[in-house]
Amino acid sequence: MTSDIRKILVIRGANIGDLLCTTPLFTTLRKHFPAARIDALVNSYNAPIVINNPDLDHVFYYTKAKHRETGESVLQVHWRRLKLLYQLRRQRYDVIILANCGYLHRPLRLAKIIGARRVIGFVPDDQPDSVITDRVPYGDIHAHEVIKIQQLLAPLNIHDAPPALTLVPDVAARCKAENARDAAFPQPDNRPILAVHISARLPSQRWPAAAFIQLIQTLHATWQGRFMLFWSPGDEGNPHHPGDDRKAKEIIAACAGIPLLPYPTQHLQDLIAGLSVCQGMFCADGGAMHVGAAVGLPIACLFGDSPANNWYPWGVPHIILQPPSRSVLDITPAQAVDACLALLPKSEPA
């Protein structure tokens, strides 16, 4: 029965791309339950992905110990999380959806503390479970993450094809990005802007600085567009959050004289807003790629040793570059240039 559902909580404490691939589920829930209260429980690192989501009534977030503020103890982090969970318990949700593609113990513990009349989640056939009331069997493991997550709506008698991703930039961050763009590039100038994101979490996805330099220089000579450069800030030696400041500096120096706007993004809101003022994107598989797809950019993307069929840019034109070796080092700048030219809007001189 679904007619008595008034409050729904979706739990998705994962990476940027995972949470973005859950936004079609939010949209579908809102379509079928327009009067219901639909909330999300996420972690503080990813919260900007859904803070302005029009399909959600409330976004609750907890902090992981590794993301705690300077001077904050692990005990304080756990105490705040416990208070949040009991606050959610008082909401008396009708349905909790564990929006992760697997049987994970941490979301199960959260659901058990919060409580609901129904808990929906993926459960292996041979796994006994006392928390999940609506067991969803694993579907096609080769399907896209968006399609997998959408299968969790079957117990609610919802079988819609998933829509596009949803992501709304922060107003102040968007204004900052627009101002930076207008200051860097002469006006009026309708030439499109290509976002070039140079960072990747997985070593097999990391393209060298020299390749990015050749890509930008060749596109400048043949396409006459403009560029915004994005990267993960910080030092490459940081074991927890390695950054690409040195790599970005090398690319910027080699591309002097080219209309290139370096756009460092210390916060996720800045990355979202910066990409939203571009017209296309070149990047490696990762969270930034999904952000680009969510703001509607056509994307040429590097895939190394990761399954492209599970994680390709959802809902936008895209070209995947993945060599048989599954190392992006075997993708040439010429191949990347061809992919960008096939996707990007035609550039018109200023």
Using a 1.4 Å probe on the protein heavy atoms, what percent of the accessible area of the chain belongs to carbon and sulfur? 54
What is the angle, in °, between the Cα long axis of helix 23-32 and the longest principal axis of the Cα atoms in the chain? Nearest 10 is fine, range 0 to 90. 50
Simple Cβ-charge dipole of region 203-350, Lys/Arg +1 and Asp/Glu -1, about Cα centre, in debye nearest 20: 200
Provide the gained length on full extension for the span residue 82 to residue 59, in nm with one decimal, where the gain is 0.36 nm per separating residue minus the Cα-Cα distance. 6.6 nm
Work through the residues other than residue 25 whose Cβ is under 12 Å from its Cβ and net out their charges, Lys, Arg +1 and Asp, Glu -1. 0
Residue-span extension gain [residue 164 to residue 210] - 0.36 nm each, minus C-alpha spacing: 13.1 nm
Normalised by the number of residues in region 274-350, what is the relative contact order in percent for Cα pairs under 8 Å and 6+ residues apart? 28
Probe 1.4 Å, all protein chains present, accessible-area order of 311, 79, 223, largest first: 79, 311, 223
For the chain, what does -39500 (n - 2.57) per DSSP helix run (n ≥ 4), summed and divided by total residues, give at 222 nm, in deg cm²/dmol to the nearest 500? -10000 deg cm²/dmol
Peptides 264-273, 94-103: what's the order by average Cβ count within 10 Å, highest mean first? 94-103, 264-273
Extended-chain gain in nm, criterion 0.36 nm per residue less alpha-carbon gap, residue 249 and residue 338: 29.5 nm
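The values are calculated or read from the model by the stated rules, or taken from the named source; none is laboratory data. The shown structure was predicted, so the numbers you read here are calculated from the model rather than taken from an experiment. Positions of Cβ are generated from backbone atoms using ideal geometry, with glycine treated the same way; all protein chains shown enter the neighbour counts. Surface areas here come from the heavy atoms of the whole protein model, side chains and all, with no ligands, DNA or RNA. Shrake-Rupley method; radii C 1.70, N 1.55, O 1.52, S 1.80 Å.
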